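Data first, discussion second: the structure below is written as structure tokens.
FYI, it's all coordinate maths here, none of it is from the lab. Just so it is clear, the structure is predicted and the values come from calculations on it, not from any experiment. In this analysis, Cβ positions are derived from the backbone assuming ideal geometry, glycine residues included, and neighbour counts consider all displayed protein chains.
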Amino acid sequence: MNKIDVLLGLQWGDEGKGKVVDALTQHYNVVARFQGGANAGHSLEFNGIKHVLHLIPSGIFHPKTINIIGNGVVLDPAILVQEISELEQMGVDATKNLHISKKAHLILPTHRALDAALEQAKGDNKIGSTLKGIGPTYTDKTARNGLRVGDILRPDFDARYKQLRQKHLDTIAQLNGPVAPTQADEDAWMRAIDKLRSYTLIDSEYAIDQHLSDGQRVLAEGAQGSLLDIDFGSYPFVTSSNTVCAGACTGMGIAPGRIGEVYGIFKAYCTRVGAGPFPTELFDSTGEQLRTIGAEFGATTGRPRRCGWLDLVALRYAIMVNGVTQLIMTKADVLDTFASIKVATAYRVDGQLTNQIPYNTDARIEPVYQEFAGWQTDITSIRCESDLPQRLLDYVRFIEEQTGVPVRIISVGPDRNATIMRG
Ligand code: GDP
Ligand code: IMO
Ligand code: MG
């Protein structure tokens with residue numbers, strides 16, 4: 001029986017998952033999201049058109065591919081309907097091939113307001129949340145208060161909605177938080193619920209089992225990145241789901257033994273949006289150069305991304321917790337003009353050399369760098385490995401030696417075609 005391949009981010013998100021999933025979809029029959037929600041912003045580009053997806057899997061532009069929103073996702077119907085209508089304007093009927101798990105939890109307008117209220121209450125310790133209601137919705141899920149997509153088909157849905165909404169409003173009032181959702185927001189949400197009733201709602205665990213039994217190829221698309229994982233990220237500066245490979249099992253209902261390839265995707269440098277440790281962060285003109293050339297501004301919030309050098313301590317950690325079998329390196333082209341490129345190979349913490357990420361998020365980490373001469377060649381139109389500059393290949397070989405995992409794909413631009421598959 002076929003296995004499910006998983007593609008997930010190895011850094012703090014925005015590694016280029018959307019671009020690469022879209023580029024790989026031609027080899028798959030099904031693409032599935034398994035965690036997170038519209039905090040994600042996955043960009044993809046082809047035929048000169050750029051699109052940012054938040055909830056819909058990045059296989060949606062391939063007309064024959066089934067796209068599944070798995071049970072582990074938290075779903076805001078208002079954002080989903082908006083996203084579907086944007087796709088419609090581009091001539092894509094997303095509802096045709098979109099299947100949504102009945103067990104996915106619903107994000108209510110009051111979850112979003114609660115997110116803002118809780119973040120505000122944190123004062124100086126803000127996470128830098130995207131404020132899409134992700135944390136409060138997963139909180140209700142684990143507290144067993146949540147509403148699920150399948151509940152919209154039940155006759156008591158309205159009553160249950162009102163009950164949960166009131167509970168949220170009471171908490172927001174206690175927090176003296178920002179204003180509750182507007183009537184217009186709530187009306188839009190209710191209209192979106194009506195539309196959601198007409199979409200294909202499934203038991204995703206059975207559906208995926210059937211797809212695999214039928215010999216179909218399934219690709220799971222991670223959101224966020226491993227260093228934002230609720231357990232293994234720099235807690236509390238994390239998102240509220242398991243972004244690592246294990247999350248694909250619980251977020252779609254598949255057994256661990258059915259995981260096939262684990263594609264780990266990373267940028268040739270590092271970025272982070274929001275608060276939390278970032279040992280290789282650059283505060284100088286080099287960081288600014290990465291942000292400008294790499295267009296490092298959030299796809300969901302537009303916030304400038306913090307930028308820094310590649311961190312192999314963090315990368316090796318992410319590879320370990322995910323069981324990565326193949327690496328994908330993106331945005332290599334962003335380094336094209338750099339005379340020298342640094343990579344952190346170890347940390348010095350309180351004078352001690354270490355290969356491990358310290359437990360304390362306030363530990364003072366001094367990265368130990370290895371420096372490489374830059375290739376100083378425009379690689380954006382290269383499509384074949386043998387045409388890549390030797391210095392870039394040396395950089396890649398060093399990463400492979402340091403991680404023990406082959407780099408199978410090198411991405412040299414945002415377009416679907418700017419993707420070099422290595423032999
Ligand atoms: P995701 O969240 O992992 O899907 O990544 P985002 O879409 O949030 O951010 C990645 C950004 O880099 C997007 O603007 C992509 O269009 C862009 N991108 C992806 N791959 C490459 C690449 O190889 N080179 C360049 N220059 N841009 C890329
Ligand atoms: P994609 O899928 C980058 C970050 C937020 C914040 C923290 C918690 O596009 O890679 P949340 O909204 O989950 O409460 O925010 O996580 N974050 C992301 N950063 N890419 C993402 O998704 C992110 N999703 C959440 O900036 O620091
Ligand atoms: Mg993103």
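At q = 0.14, 0.30 Å⁻¹, what log₁₀ I(q)/I(0) does a Debye calculation on the Cα points of region 197-253 give, no solvent, two decimals?
-0.51, -1.12
Pull out the extension gain between SER85 and VAL52, defined as 0.36 nm times the separation in residues minus the alpha carbon to alpha carbon distance; nm, one decimal.
Contour length minus Cα-Cα distance gives 10.6 nm.
Using a Förster distance of 22 angstrom, determine the FRET efficiency expected from the C-beta separation of ASP231 and ALA121, and round it to 0.05.
0.40
Just rank TYR206, TYR235, fewest to most, by other beta-carbon atoms within 10 angstrom.
TYR206, TYR235
Could you tell me the relative contact order of the chain? Use alpha-carbon pairs under 8 Å, at least six residues apart, and round to a whole percent.
Relative contact order comes out at 20 percent.
For ASP156 and GLN356, compute 0.36 nm times the residue count separating them, minus their Cα-Cα distance, and round to one decimal in nm.
66.9 nm
Under a straight-distance cross-link criterion of Cα-Cα below 16 Å, which lysines are reachable from LYS19, leaving out those fewer than 8 residues away in the same chain?
LYS50, LYS267, LYS331
Straight-line reach from LYS132: which lysines have Cα under 21 Å away, leaving out those fewer than 8 places along the same chain?
Filter leaves LYS17, LYS102, LYS103, LYS122, LYS141, LYS162, LYS167, LYS195.
Hey, can you grab everything whose amide H is under 5 Å from the amide H of TYR28? Only 5+ residues off in sequence or another chain; H modelled, so Pro and N-termini drop out.
Residues meeting the amide H criterion: none.
Once you have the alpha carbon radius of gyration of region 130-186, what is it after dividing by 2.2 N^0.38 Å, with N set to its residue count?
1.19
Test of understanding: in a Gaussian network model of the chain with alpha carbons linked when under 10 Å, which of GLU221, GLU15, GLU205 would top the mean-square fluctuation ranking?
Fluctuation is largest for GLU205.
Short version: what are the Cα gyration tensor semi-axes of region 5-76, square root of 5 times each eigenvalue, largest first, in whole Å?
17, 15, 12
Would you kindly compute the Cα radius of gyration of the chain and its largest Cα-Cα separation (Dmax), both in Å?
My reading of the Cα-based Rg and Dmax gives 21.3, 66 Å.
Hey, fewest Cβ within 10 Å first, where do LEU24, LEU227 land in order?
LEU24, LEU227
When the helices in the chain are scored as -39500 (n - 2.57) per DSSP H run of 4 or longer and the sum is shared across all residues, what 222 nm value do you end up with, to the nearest 500 deg cm²/dmol?
Using -39500 (n - 2.57) per qualifying helix, the result is -9000 deg cm²/dmol.
Taking amide H atoms as placed 1.01 Å from N in the peptide plane, list the residues 5 or more away in sequence, or in a different chain, whose amide H sits under 5 Å from that of ALA220.
Amide H neighbours of ALA220: ASP5, VAL6, LEU7, ALA32.
Between VAL179 and ARG383, what's the calculated FRET efficiency when r is the beta-carbon distance and R0 is 60 Å? Round to 0.05.
Between VAL179 and ARG383 the formula returns 0.70.
Only Lys, Arg, Asp and Glu count, each charged at its Cβ (+1, +1, -1, -1), so figure out the dipole size of region 268-372 about its Cα centre, rounded to 20 debye.
240
Provide the packing ranking of 245-252, 78-85, i.e. peptides ordered by the mean count of other C-beta atoms within 10 Å per residue, highest first.
In decreasing order of mean packing, 245-252, 78-85 become 245-252, 78-85.
Under 1.5 on a/c is rounded, so check that first for region 34-152, then, if it is not, pick prolate when a/b is larger than b/c and oblate when it is not; a ≥ b ≥ c are the square roots of the alpha carbon gyration tensor eigenvalues.
oblate
Among 58-66, 103-111, 28-36, what's the highest-first ranking by average C-beta atoms within 10 angstrom per residue?
28-36, 103-111, 58-66
For every other residue with a beta carbon closer than 15 angstrom to the beta carbon of PHE157, add +1 if it is Lys or Arg and -1 if Asp or Glu, then tell me the sum.
Once all neighbours under 15 Å are counted, the net charge is +4.
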